[in-house]
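Quick notes on the structure that follows.
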Amino acid sequence: MKRLLSLRRSALFAIIAAAAVSMAAFDIPGTTAPPKQPSDNDYMDLVGEAEKAISANNYEAAVACIKRAIDLEPDNPSNILLMSNLAMVYSYMDQDTLALITYDETLRQAPNMTTVRNNRALLLAKMGRDNEAFNAFAGVIDTDSLNATARYYHGIMALYSSRLDIAEADFAVLKSVAPDSRHTAVALSSLYAMTQRNLEAIPYFKKLVKDSPDPEFYAGLAGCYLALGRLSEASETIADGLKRYAYDPELYYYRAWLNRDRFRLDEAHDDARKAIALGANAAKVNALFAPQDKK
């Protein structure tokens, strides 16, 4: 049975959007404010206040502090970094057009800032401008072929648009430069599962379940075990996943598959109904029983 990992396109871009939001802001060395009352006429105080505002999710205050700092010292070389952070804050606020304008101005002044180029590409993906995002990551790779961030997102986008040769090439580089990273585990587990290389996928899913036990990783690991007929391991994985995520539709889908293969058809149908009720694709779930229905 052909199995696709539950990380479909919507989940892919949820990952991309989350990555854009989670990028670390404020990597300017020495920006910790001294132990004194902050002043709106002191550059470093304003930078520190902006950092605190971001930590408190007070993005409007962060924008005001960053812009005030830039206005105070328009020739300060750290303004490039502040502009990059300002773009990220706009993205946090879902003011994506302003964020893109700010990234573009940052790159106009400092065109070789790879981190900014990657962040801009992530923003384009968040905005649904898929082709532009893909090409932007490709541009980073053209100038820095070993850039792990660009290789990961470029490869993931290629994978979910069925350009497997590109995904294979990107992930080969990613594996060589960052073999132990979470991105590498996500990339290779997805690639191997979607190309039916289940044995190769299992170690990466197991790493993900151990390090960041999200429901899609339990589901992916269970699916690999089921595809290989390793029902006991699939059962254990699904049970562990449901302890954490009692309402995850994919886990019920895979439990329906498990019970079907154990010839517990009443339980399988019960799980199938739960999966659909929780949002699983009905056609995919009902396909589990197509051979029986045809008899």
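Assess whether A268 counts as being open to solvent by 10 Å² or more (accessible area, probe 1.4 Å), over 28 Å from S181 (Cβ atoms), part of a helix (DSSP H, G or I) and of a type outside the set (V, I, T).
Here the answer is no, as A268 does not meet what is asked.
Mind checking which helices (runs of 4 or more DSSP H) fall wholly inside segment 150-237 and carry at least 3 residues that are more than 20 Å from P249 (Cβ to Cβ)?
164-177, 182-194, 198-211
Return a yes/no flag: does segment 151-159 have any residue that is touching a residue at least 60 places away in the same chain (Cβ under 8 Å) and either within 21 Å of I80 (Cα to Cα) or aromatic (F, W, Y) (or both).
So far as segment 151-159 goes, yes, one or more of its residues are touching a residue at least 60 places away in the same chain (Cβ under 8 Å) and either within 21 Å of I80 (Cα to Cα) or aromatic (F, W, Y) (or both).
How about segment 255-265: which of its residues are in a helix (DSSP H, G or I) and either under 21 Å from L228 (Cβ atoms) or aromatic (F, W, Y) (or both)?
Across segment 255-265, the qualifying residues are R255, A256, W257, L258, N259, R260, D261.
Of a type in the set (S, T, Y) and either open to solvent by less than 20 Å² (accessible area, probe 1.4 Å) or at pLDDT below 95 (or both): which single residue out of Y204, Y153 fits that description?
One residue alone meets the criteria, Y153.
What number of residues in segment 248-265 are closer than 25 Å to V209 by Cα and either acidic (D, E) or surrounded by fewer than 17 Cβ atoms within 10 Å (Cβ to Cβ) (or both)?
The qualifying residues number 4.
Given the criteria crowded, with 23+ Cβ neighbours inside 10 Å and more than 30 Å from N41 (Cα to Cα), does A121 qualify?
Judged against the criteria, A121 is a match.
Kindly indicate the residue of segment 79-98 that is open to solvent by less than 30 Å² (accessible area, probe 1.4 Å) and hydroxyl-bearing (S, T, Y) and also farthest from Y43 (Cα to Cα) among those meeting that condition.
Restricting to residues being open to solvent by less than 30 Å² (accessible area, probe 1.4 Å) and hydroxyl-bearing (S, T, Y), the top hit is S91.
Which residue out of F263, F217 is of a type in the set (F, W, Y) and either in contact with a Cys (Cβ under 8 Å, 6 or more places away or on another chain) or without any contact (Cβ under 8 Å) to a residue 12 or more places away in the chain (or both)?
Just one listed residue meets the conditions, F263.
So which residues in segment 235-247 are under 16 Å from F205 (Cβ atoms) and open to solvent by less than 30 Å² (accessible area, probe 1.4 Å)?
Of everything in segment 235-247, those that are under 16 Å from F205 (Cβ atoms) and open to solvent by less than 30 Å² (accessible area, probe 1.4 Å) turn out to be T237, I238, G241.
Could you tell me which residue of segment 99-118 is least open to solvent (accessible area, probe 1.4 Å), considering only residues that are more than 20 Å from the chain's Cα centre (by Cα) and within 23 Å of K52 (Cβ to Cβ)?
Once the filter is applied, the top-ranked residue is T106.
In segment 76-144, which helices (runs of 4 or more DSSP H) lie fully inside it and hold 1 or more residues that are farther than 25 Å from C65 by Cα?
Qualifying helices (runs of 4 or more DSSP H): 114-126, 130-143.
Can you say whether S162 is free of Cβ contacts under 8 Å to residues at least 40 places away in the same chain, over 19 Å from Y204 (Cβ atoms) and not aliphatic (A, V, I, L, M), as far as the supplied structure shows?
Here the answer is yes, as S162 does meet what is asked.
Of all residues in segment 210-230, count the ones that are of a type outside the set (F, W, Y), within 16 Å of the chain's Cα centre (by Cα) and crowded, with 20+ Cβ neighbours inside 10 Å.
2
Please verify whether segment 179-189 includes one or more residues that are open to solvent by 70 Å² or more (accessible area, probe 1.4 Å), farther than 28 Å from L98 by Cα and in contact with a Ser or Thr (Cβ under 8 Å, 6 or more places away or on another chain).
yes
All but one of (1) under 30 Å from L98 (Cβ atoms); (2) buried (at least 21 other Cβ atoms within 10 Å of the Cβ) hold for A193, so report the exception by its number.
Result: A193 fails condition (1) only.
The values are calculated or read from the model by the stated rules, or taken from the named source; none is laboratory data. Note that the structure is a prediction, hence the values are computed from the model and not measured. Don't worry about glycine lacking a Cβ; one is built from the backbone with ideal geometry, like all the others, and counts go over all protein chains shown. Ligands, DNA and RNA are stripped out before the accessible areas are found, and what is left, the full protein with its side chains, is counted by its heavy atoms. Shrake-Rupley method; radii C 1.70, N 1.55, O 1.52, S 1.80 Å.
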